[in-house]
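Data first, discussion second: the structure below is written as structure tokens.
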Amino acid sequence: MLENHTTITFSMYKLIVELGTLLRCTILVQIFIIKTKVYTLAHSEINIRKDWRIIMKIKWYGHSCFMITSENGTKIILDPYISMLGYKLPELEADIVATSHEHSDHNNINAVKNDFVHINKPGIFSEYGIEIKGVDTFHDKVSGAKKGKNTIFNFKVDDINVCHCGDLGHILDAKQVEEIGNVDVLLIPVGGGYTIDATDAVEVVKQLKPTVIVPMHYRTKALGPMGLAFAKVDKFIDASGLKAQNYAELELNKENIENYQGIAVLKYK
């Protein structure tokens, strides 16, 4: 009896030891799996933050007026207008104000309430760490004889080139295309009447080859009867053959800009 009891006790001991070993192994495996998941998730989140961190914002206030806000908070206002258009500007503050020409629907700098640097001519400038290039163009197809000159501005903000065409009235020549240089985001009039129309805008897009095209200066409901002077944005979209998406504003960096490729129609306000 004693021998049998000893055998049973020893067998139970071996079983307990084996179960303990198995349990420890199971726990270690579970810990390894959990740590692996945490590591993977952490690195995934880091990559997401890296790819999607907001660097620059572009907001449209109607007509040809935009605000560009850089990563460090530097603000650029483009072509602020008087309130007669049907659009209404909010209270604005900016570090830089650029106006493409001396018409009141594009040069109402009094709409910006603080002190700022005003740029309203061709040339090369550097303000607040932002490189700015102004290129001489015209408001019409007859070298400015009817409507005067127009300045296209190309801003390098957070390593992204944003080009604002103002009231461009013609297809560009080779020299102008070269002077403007690389364009990542193109803010371009498309409504015709006082500027290039949808067909000419498509040609300018082909000349400058931007990744993102933001149409401006076209008919919207906010303009009321005055909007009849312009074509709707749909005409440009159809003529371009490019995909179009609607956005409240653009939030861009070098990593995510390809996700906005095509036409980005911004919401007024």
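Okay, here's what the table says:
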read-out	value
Filtered residues of segment 140-152 (kept if within 14 Å of residue 189 (Cβ to Cβ) and in contact with a His (Cβ under 6 Å, 6 or more places away or on another chain))	141, 147, 150
Segment 147-202, residues that are aliphatic (A, V, I, L, M), free of Cβ contacts under 8 Å to residues at least 40 places away in the same chain and assigned to a helix (DSSP H, G or I)	174, 177, 201, 202
Residue that is modelled with the highest pLDDT [pool: residues in segment 123-141 that are over 22 Å from the mean Cα position of the chain (by Cα) and open to solvent by 70 Å² or more (accessible area, probe 1.4 Å)]	124
Enumeration of residues in segment 196-210 that are of a type outside the set (A, V, I, L, M, F, W, C) and farther than 22 Å from residue 149 by Cβ	199, 206, 209, 210
From the options 199, 195, residue that is under 26 Å from residue 233 (Cβ atoms), among the hydroxyl-bearing types (Ser, Thr, Tyr) and either crowded, with 19+ Cβ neighbours inside 10 Å or in contact with a Ser or Thr (Cβ under 6 Å, 6 or more places away or on another chain) (or both)	195
Subset of segment 69-120 that is in a helix (DSSP H, G or I) and open to solvent by less than 40 Å² (accessible area, probe 1.4 Å) - its residue that is farthest from residue 194 (Cα to Cα)	111
Search result, residues across segment 211-220 that are open to solvent by 20 Å² or more (accessible area, probe 1.4 Å) and modelled with pLDDT of 95 or more	211
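The values are calculated or read from the model by the stated rules, or taken from the named source; none is laboratory data. None of the values given here were measured: they were computed from a predicted structure. Cβ: placed from backbone, ideal geometry, glycine included. Neighbour counts: every protein chain shown. These accessible areas exclude ligands, DNA and RNA; they are computed on the full protein's heavy atoms, side chains included. Shrake-Rupley method; radii C 1.70, N 1.55, O 1.52, S 1.80 Å.
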